[in-house]
Amino acid sequence: MDLKKYFVKAPLIPTIIQEHETKRVLMLAYMNEESLKKTIETGYTWFYSRSRGELWNKGATSGNVQRVITITGDCDDDTLLIQVNQTGSACHTGEKSCFYREAGVADFRSKEDSKSDPKEDSMEERYGLPECMNDTVKESSSSEVLDELYKVVMERKKTFSENSYTCYLFEKGLDKILKKCGEECSEVIIAAKNTSFLTGIERDESQIEIKNEICDLLYHLTVLMVNEGISLEDIYDILKQRSRKIGNLKTFHQSDHNS
């Protein structure tokens, strides 16, 4: 493959990073020919730091790696679009995307347009669930939110929608759902581990990422439950039974010791 054509105009080219499944723009960085080669060789993103004057591997320190799915050049061969599977957050602030500020520079939408636009991290944007789910969650008490989520995910299983990530998971089947549950569980662990070294405001900000990752995990577990015909009542009943048992702590210690 001739990579030199991408660097005829300049030694560095802008590279847009997009989440493969949601098509959400995560970040923009720069590549030179060497970083592009390393990205292709390793299957994970490498960039060139203009401030440090060196190559850097995304997530090498934080664990928030980007596994490459596709690399596409634009019509002029001077910009790259890379679709990835993102582990954890793409932004150094702990946000999923570097573009988390809403209309921070200019906003030409009318008030009506602004109201109709789904907010970042909305149910529609993150999971392909109907926008009305946002209002349902806001109006529900804490104990009802999972029940409402379960109902909507179940409805998505019955009614296919082309733009729904939830429908996409059901279409791909159990193996894909299990894979996503595993990935989200790993991201919760990574986010918590990263936070454990922080203090003060940095720790508070990083805990936001843990909360988001836990929500992602709960969502994917809900999809798994619906797919397998397991109701929330089934889970609630088991939790109630366990809460009534005496000596659970000893049992847990024995289980942990023997595992």
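The values are calculated or read from the model by the stated rules, or taken from the named source; none is laboratory data. Owing to the predicted nature of the structure, the values given are computational and were not obtained by experimental measurement. Positions of Cβ are generated from backbone atoms using ideal geometry, with glycine treated the same way; all protein chains shown enter the neighbour counts. For accessibility, only protein heavy atoms count, side chains too; no ligands or nucleic acids. Shrake-Rupley method; radii C 1.70, N 1.55, O 1.52, S 1.80 Å.
Checked across segment 82-90, the condition of being hydroxyl-bearing (Ser, Thr, Tyr) and in a strand (DSSP E or B) holds for no residue. The requirement of being closer than 20 Å to CYS75 by Cα and open to solvent by less than 40 Å² (accessible area, probe 1.4 Å) is fulfilled nowhere in segment 38-57; no residue meets it.
Right, ASP237: modelled with pLDDT of 90 or more, under 20 Å from VAL65 (Cα atoms) and not aromatic (Phe, Trp, Tyr) or not? Here the answer is no, as ASP237 does not meet what is asked.
None of GLU202, GLU183, GLU162 is touching a residue at least 24 places away in the same chain (Cβ under 8 Å) and closer than 26 Å to TYR100 by Cα except GLU183. Quickly run through segment 157-193 and pick out the residues that are of a type outside the set (S, T, N, Q), open to solvent by less than 80 Å² (accessible area, probe 1.4 Å) and farther than 15 Å from GLU228 by Cβ. If the condition is that a residue be of a type outside the set (S, T, N, Q), open to solvent by less than 80 Å² (accessible area, probe 1.4 Å) and farther than 15 Å from GLU228 by Cβ, then TYR165, CYS167, TYR168, GLY182, GLU183, GLU184, CYS185, GLU187, VAL188, ILE190, ALA191, ALA192 are the ones that fit. In the set (1) among the basic types (Lys, Arg); (2) in contact (Cβ under 8 Å) with a residue 24 or more places away in the chain; (3) outside any loop (DSSP other than H, G, I, E, B), LYS38 fails one condition alone, (2).
Among the residues of segment 2-35, the one identified as acidic (Asp, Glu) and part of a strand (DSSP E or B) is GLU19. Quick check: anything in segment 53-67 in a strand (DSSP E or B) and within 21 Å of TYR165 (Cβ to Cβ)? For segment 53-67, residues in a strand (DSSP E or B) and within 21 Å of TYR165 (Cβ to Cβ): present.
Can you find a residue that is among the small types (Gly, Ala, Ser) and closer than 19 Å to GLY229 by Cα anywhere in segment 200-212? Within segment 200-212, not a single residue is among the small types (Gly, Ala, Ser) and closer than 19 Å to GLY229 by Cα.
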